[in-house]
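Derivation of every value follows stated rules applied to the coordinates shown; laboratory data play no part. Please read all numbers here as calculations on a predicted model, not as lab measurements. Ideal geometry is used to build each Cβ from the backbone, glycine not excepted, and the neighbour counts take in all protein chains shown.
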Amino acid sequence: MRSISLSMTVLVTLAACSGTNSEEDTSSIEELAAATSALTGTPEDDFAFDEADNTISIAGDDALSPTTNTSISVPASFVAYSDDMDSILAIRGVTASGDGEVAIYSDGSAALTGAFAARLEDTTVPTAGRLVYDGDYVGILRDTGTGDITHTVTGVAQLVAHFDDGNISGNISIRRASELDETETRPLDTLFLDSTALTNGAFAGTTGGGGFSTSAAGAEDGVYSGLIVGSDGDELVGNININHTTNGIVTGQEVGAIIAAE
């Protein structure tokens with residue numbers, strides 16, 4: 001039985017394929033070792049995945065199993081885990097190659113809400129050219145007032161890495177928030193991932209937009225981070241963390257996960 005419990009490398013406290021726009025130059029490459037990017041939370045203490053049992057434990061509590069709640073809809077790249085009451089939720093995904101892992105989790109409290117990504121194997125990342133990464137996004141939204149998990153969020157992710165210039169940017173579009181009890185699904189604005197430095201296959205930057213598409217709702221500028229993974233640097237895993245507001249008051253926190261590929 002293999003149990004994965006990840007350590008944190010601090011960066012900034014951070015699948016559908018589309019190769020038609022890629023301009024990869026593999027004549028210049030960089031060998032990178034396995035690494036972990038933690039955006040929020042402390043995964044080395046909070047999160048453990050048991051591959052043999054296909055369960056997740058949060059902070060050493062009882063193991064979470066793949067959810068049977070059909071209202072918790074996640075993209076095919078991810079699996080949702082919960083307890084019987086859906087009061088604790090974890091969502092984990094791996095890239096097609098198995099070289100990258102990403103996870104988010106929450107029990108509704110700020111103390112046990114986290115998001116991290118990991119490079120599980122060594123990877124080779126181009127240092128020249130451009131790659132477009134397309135893929136899936138999933139998020140957990142908690143109510144900061146009640147401490148309840150209220151929604152899961154889905155979306156379409158695209159990030160563009162410019163290896164010559166050493167930067168990456170992107171967006172998460174077609175965002176939808178679904179209540180756990182299936183009573184309502186609401187649209188959210190596109191979340192913009194601002195251009196940021198790409199260093200040793202890792203990145204951490206700021207976000208804009210992403211709030212509920214209603215007059216009283218919005219979102220503060222947030223943060224995102226991630227890692228280039230895959231034997232050829234052709235996959236990406238990442239996270240986001242933003243606060244939602246109503247009439248200027250923070251009412252929710254969204255942590256999210258990205259899996260994308262060239």
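Before moving on, here are some points about what is shown:
- The GluC sites (Glu not before Pro) of the range 142-214 that DSSP puts in a loop, and whose beta carbon has at most 11 other beta carbons within 10 Å, are Glu184.
- What the Cα atoms of the range 46-95 give is an Rg and a Dmax of 10.4, 29 Å.
- The chain, Cα convex hull volume normalised per residue, Å³: 112
- Within the chain: Cβ-based charge dipole about Cα centre, in debye rounded to nearest 20 (Lys, Arg +1; Asp, Glu -1): 520
- Note on the chain: helix-only mean residue ellipticity at 222 nm, from DSSP H runs of 4+ residues weighted -39500 (n - 2.57) and normalised by residue number, equals 0 deg cm²/dmol.
- Cα gyration tensor shape of the range 55-168, rounded if a/c is under 1.5, else prolate or oblate by comparing a/b with b/c: prolate
- Charge sum, other residues only, whose C-beta stays under 13 Å from Gln253's C-beta, Lys/Arg counted +1 and Asp/Glu -1: -4
- Spacing of the modelled spin labels on Ala76 and Asp50, each 7 Å from Cα toward Cβ, amounts to 3.0 nm.
- Where Rh is the Kirkwood radius over Cα pairs, Rg/Rh for the range 168-229: 1.08
- Distance between the C-alpha centres of the range 37-62 and the range 67-124: 10 Å, rounded to the whole angstrom.
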